[in-house]
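Have a look at the structure below before the remarks.
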Amino acid sequence: MTDQAAKLRQKLKGVHSHYHAKTIAVVSGKGGVGKSNIALNFSLSLASKGKKVLLFDLDVGMGNIDILLGKSSNYSIINLFENKLSIYDIIEVGPYSLSYIAGGSGQDHIFFLDEQRLKYFHEQLELLMREYDYIIFDMGAGVTRETIHYILAVDECILVTTPEPTSMTDAYSMVKHVLLQQPIKFHLIINRSRSKKQGIDIMNRINSAVNRFLHHDITPLGTIPDDSAVTDAVLAQQPFILHNPKSRASAAIESLTNQYLGEPVKKSNDTGFLNRLRRLMTER
């Protein structure tokens, strides 16, 4: 184990031994809606409020959390298997002590693990479950037969979409695909909204459609305005809540994070996520 990994493990060890991390998948119906940027800034916002957060980049072939942070990661999830590293070795530390695991190239290998590697992966994940308040998975756009296992295993999903009609249609299709397999709680974020009213109207329309045709509710979490400060931050390779804390987008992230934290916390039992993931991946 590297010195950095040893220090991280010691820092985390026993901090939340009475907890079980809430697992969240950040998803979208299509690419290009700003999902990873929202996942990163939301994770940082949680961390800024004293929460222990791990952001896990599972965006197959498009992992960019480290790029958005302006960081060059030493390791990615691939090194966990190819170099037989500990999960602590591949965890990087960002602003507000946010922990994150970079995706790297060829990441789709983790969705096709043999029995031995799958067991090792689950053992490594189990080490983290009692050490964080939140483990957030930044998933690839849409749903594939490989990524559906993670989406169905988490405690809840955060769905990111934009006001574009194709984005909303794909978001609904994504929710339908998941809910037809099993009920799961969805939160909804409308990104790049021209106004708060437009965002609220879209949230209501999507929720109404899901309720009517799928007999399920989506929890509106908030809207992120179409703000040039976000583009400026991406070009500067900084999270927008750090690059321009007073921007409209930063205020919106702050607001929806407060709303999220204000909701009753309902967590599964200590091994719920891992048991579900293990079952789903061995049944494939």
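Below is a table of values for the structure above.
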| quantity | calculated |
| --- | --- |
| Looking only at the stretch 86-110, and only at residues there that are among the hydrophobic types (A, V, I, L, M, F, W, C) and surrounded by 18 or more Cβ atoms within 10 Å (Cβ to Cβ), the one that is modelled with the lowest pLDDT | 110 |
| Residues within the stretch 64-95 that are touching a residue at least 60 places away in the same chain (Cβ under 8 Å), touching a strand residue (DSSP E or B) at 6+ places or on another chain (Cβ under 7 Å) and under 20 Å from residue 35 (Cα atoms), tallied | 1 |
| Selection status of residue 190, touching a Ser or Thr at 6+ places or on another chain (Cβ under 8 Å) and part of a helix (DSSP H, G or I) | no |
| Residues that are in contact (Cβ under 8 Å) with a residue 60 or more places away in the chain, assigned to a strand (DSSP E or B) and out of contact with any helix residue (DSSP H, G or I) (no Cβ under 7 Å at 6 or more places or on another chain), drawn from the stretch 158-186 | 158 |
| So residue 237, is it under 30 Å from residue 272 (Cβ atoms) and either β-branched (Val, Ile, Thr) or surrounded by fewer than 14 Cβ atoms within 10 Å (Cβ to Cβ) (or both) | no |
| Tally of residues being of a type in the set (A, V, I, L, M) and within 19 Å of residue 252 (Cα to Cα) across the stretch 164-202 | 5 |
| Subset of the stretch 257-272 that is over 30 Å from residue 72 (Cβ atoms) and assigned to a helix (DSSP H, G or I) - its residue that is modelled with the lowest pLDDT | 272 |
| Hits in the stretch 70-101 (condition: touching a helix residue (DSSP H, G or I) at 6+ places or on another chain (Cβ under 7 Å), assigned to a loop (DSSP other than H, G, I, E, B) and of a type outside the set (S, T, N, Q)) | 85, 87, 88, 89, 90, 91, 98 |
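The values are calculated or read from the model by the stated rules, or taken from the named source; none is laboratory data. As the structure is a computational prediction, the values presented were derived from the model and not from experiment. Here the Cβ is made from the backbone with ideal geometry for all residues, glycine too, and neighbour counts use every protein chain on show.
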